[in-house]
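All remarks here apply to the structure that follows.
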Amino acid sequence: MKQRLLFLGPPGVGKGTQAALLCQKQNLLHLSTGDLLRAEVASQTSLGIEAAEIMNRGELVSDSIVLSIVEKRLATSNDGWLLDGFPRNLLQAEALEVLLEKINQPIDAVLLIELADELLVERLIARGRADDKETVIRHRLEVYKEKTAPLIDHYNQHGLVMTISGEGDIEAISSRIQQKLI
Ligand code: B4P
């Protein structure tokens, strides 16, 4: 079973939902940059105050903030891990490669979850988080296409990408993911 994983896909596709399930089943460290940033926001740290405003506009938080959060946690992990929502652009992917080389823990697989835009918008409006207003959601989708989607080609060149449909209920998607990982 693959132990060092990365989830890629547009906002609202279910990365967080599926990552939590898989990490529980496989006992992997779940590293969600979105969750870690929201924890900083909730604690009203200076980093959180800066991040909240950016997140509520649907923009990406600065690479230096995100990298410092990830580096601290990955460096202490000896077992498997799942990166959810990180990297979000090529610069973050390159920084991740340097870090993983340093700790000698290469990525085993990149799971790309896909879903049509209109279904993504529907799911996120229903969730209703602070950054789930329709105009902000549509902006997040544009940011995804411009900055994050190029990572698909990047990881394809390394032969790491497995594509999964994000359509259907949570259990169905979860079993699709597990079948890919056998
Ligand atoms: P994230 O926290 O990563 O969230 P997301 O991409 O919007 O959602 P995800 O795909 O995880 O969907 P979820 O399972 O929750 O990012 C939020 C913001 O943080 C970014 O916009 C950015 O500002 C910042 N950020 C995060 N990482 C960053 C980085 N590396 N660099 C810079 N900035 C960063 O599912 C969505 C909804 O659908 C939920 O309500 C869920 O219950 C529902 N759902 C899930 N599966 C379903 C299914 N099968 N059917 C129906 N509903 C389903």
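The values are calculated or read from the model by the stated rules, or taken from the named source; none is laboratory data. This is a predicted model, so every value here is computed, not measured. Quick reminder, even Gly has a Cβ in these numbers, built from the backbone with ideal geometry, and neighbours come from all protein chains shown. SASA here: full protein model, heavy atoms, side chains in, ligands and nucleic acids out. Shrake-Rupley method; radii C 1.70, N 1.55, O 1.52, S 1.80 Å.
Data for the structure
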{"read-out": "The stretch 146-160, residues that are in contact (Cβ under 8 Å) with a residue 60 or more places away in the chain and among the charged types (D, E, K, R)", "value": "Lys147"}
{"read-out": "Only one of Arg4, Arg73 that is open to solvent by less than 80 Å² (accessible area, probe 1.4 Å), more than 7 Å from the ligand (Cβ to nearest atom), farther than 22 Å from Glu122 by Cα and of a type in the set (D, E, K, R)", "value": "Arg4"}
{"read-out": "Enumeration of residues in the stretch 171-182 that are within 13 Å of the ligand (Cβ to nearest atom) and open to solvent by 90 Å² or more (accessible area, probe 1.4 Å)", "value": "Glu171"}
{"read-out": "Every residue from the stretch 161-170 that is more than 16 Å from the ligand (Cβ to nearest atom) and either β-branched (Val, Ile, Thr) or without any contact (Cβ under 8 Å) to a residue 12 or more places away in the chain (or both)", "value": "Val161"}
{"read-out": "Those residues of the stretch 20-63 which are open to solvent by 70 Å² or more (accessible area, probe 1.4 Å) and assigned to a helix (DSSP H, G or I), in sequence order", "value": "Gln24, Lys25, Asp35, Arg38, Ala42, Ser46, Ile49, Glu50, Glu53, Asn56, Arg57"}
